[in-house]
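Working notes, structure below.
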Amino acid sequence: MDRTDAVLAAVFVVLGLAQVTLWPIADSVLGQVYVLGTTLPLAWRRTRPLAAALASTVLWAVPTDGFPVLGYVVVVLQFFALGSWGRPRRAVVALTAWASVVTAVVTLLGPEAPFAAIGAVIAVVAPVLAGQLAAHQRAQNAELARLAGRLRFEQERAEESAVEVERARIAQELHDVLGHEVTLIAVQAEAAAAALRVAPERAVEPVEAIRVTAHRTLAEIRGVLDVLSADEDVRAAYDDLDEVSRRAGAAGIANTLTQRGAPVAGQEQVRLAVNRIVRECLTNAGRHAPGAPVDLEVSWDEHEVRVGAANPTGLAAVPAPGRGLTGMRHRAELLGGSFDAAVCDGRFTVRVVLPR
């Protein structure tokens, strides 16, 4: 029982009993029973709408000399609740039909004019239809609230995903920069250590190279962070491929670079990807196959860019992908290209194709 409905029913019962006491509509006891039977079910109109509506119509068939003044209000409230909260729908339709027939027959048998039966039926049917409209609107509002909650959840997930993507992007960029440059520093440091053991004066050159590489690494890190804050500007994020090849060779990573064609303006993302892939190929060779020469090829064709790298290796198969291979694959796929790594005839090969 809803507390509001209980109070409402009590008010209507008191007013109805007062009326039939002052202006009887039937025998005094019968009139009071009629008021109680038709009005008291209002207390359960929302918690038990079907039972309440049925109970309130049972005494409609009792002949009376009149009708409670607030009776029509009670009917409207009772059958609005039936349409709004009554389930299942078949039971609501059946009960509405039952109440319409009863009220029409009673009206036709009473002192009222025959056309009054139409008004009596409307007093039952109209509140039910209004209640069903209210129920439909309530269901729509609940669905909108659910969808709004789902949208907020998806937005939060999208924001979290964007943060994770940005973190991965920063990590990949820093890996590409630091991995290559630190590999060069490591190679130069080994050369300096060897020189210090046999001819200390020959250690000056690799130590100076370490100093230059370290400063360049810091500058590149700052450049990468600048690029990450503005996607459209990647112009200062990399050096020319020939310079990358020369520095790697000077650091002890033997390599040959063959370029065909040249990039054009407006292809900065492709140029950056090619630069990072070439650097990663040199870095991997320096780490995993030290002393083995690396053959690099970059072809800037009309519709695509093909990057190839190959170096002797003692591996029998491609190792489990680490951040380097994964990063190259990610760069290729991000630009709609393809990546492939394989071991063939004792040589580790990388093939990347990027659309221009």
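Please treat every number below as a calculation from the coordinates, not as lab data. Being a predicted model, the structure only gives us computed values, none of them experimental. All Cβ positions, even for glycine, are placed from backbone atoms using ideal geometry, and neighbour counts span all protein chains on display.
Some notes on this structure:
- In order through region 319-328: 3J(HN,Hα) via Karplus (6.51 cos²θ - 1.76 cosθ + 1.60), integer Hz, x for Gly, Pro: x, 4, x, x, 5, x, 4, 4, x, 5
- Virtual spin-label span in nm between GLU154 and ASP242, 7 Å along Cα→Cβ: 5.2 nm
- When semi-axes √(5λ) of the Cα gyration tensor in Å is calculated for this entry, the matching label among [x] 46, 29, 16; [y] 93, 20, 16; [z] 26, 25, 21 is [y].
- Simple point charges give the picture: +1 on the Cβ of Lys and Arg, -1 on the Cβ of Asp and Glu, and for region 3-112 a dipole about the Cα centre of about 680 debye.
- DSSP-defined beta bridges in region 159-355 - what % are antiparallel, rounded to 5: 80 percent
- Exposure proxy ranking, count of Cβ atoms within 10 Å, fewest first, for PHE348, PHE115: PHE115, PHE348
- Leading residue at positive end of dipole, the chain (Cβ point charges), from THR258, LEU241, VAL7: VAL7
- In terms of surrounding Cβ atoms within a 10 Å radius of their Cβ, MET328, MET1 rank from fewest to most as MET1, MET328.
- The fewest-to-most ranking of ASP242, ASP5, ASP340, ASP176 by surrounding Cβ atoms within 10 Å reads ASP242, ASP340, ASP5, ASP176.
- Amide hydrogen neighbours beyond the local backbone of GLU304, cut-off 5 Å, H modeled: ARG356
- Antiparallel DSSP beta bridges within the chain, percent to nearest 5: 80 percent
- Rounded to the nearest whole Hz, the Karplus-based 3J(HN,Hα) values (6.51 cos²θ - 1.76 cosθ + 1.60, θ = phi - 60°) of region 204-219 follow the sequence 4, 5, x, 5, 5, 5, 4, 4, 5, 5, 4, 5, 5, 4, 4, 5, with x at glycine and proline.
- For the pair region 79-137 / region 246-297, the C-alpha centres are spaced 84 Å from each other.
- Loop-resident sites, region 247-325, for GluC sites (Glu not before Pro), counting at most 10 other Cβ within 10 Å (DSSP): GLU302
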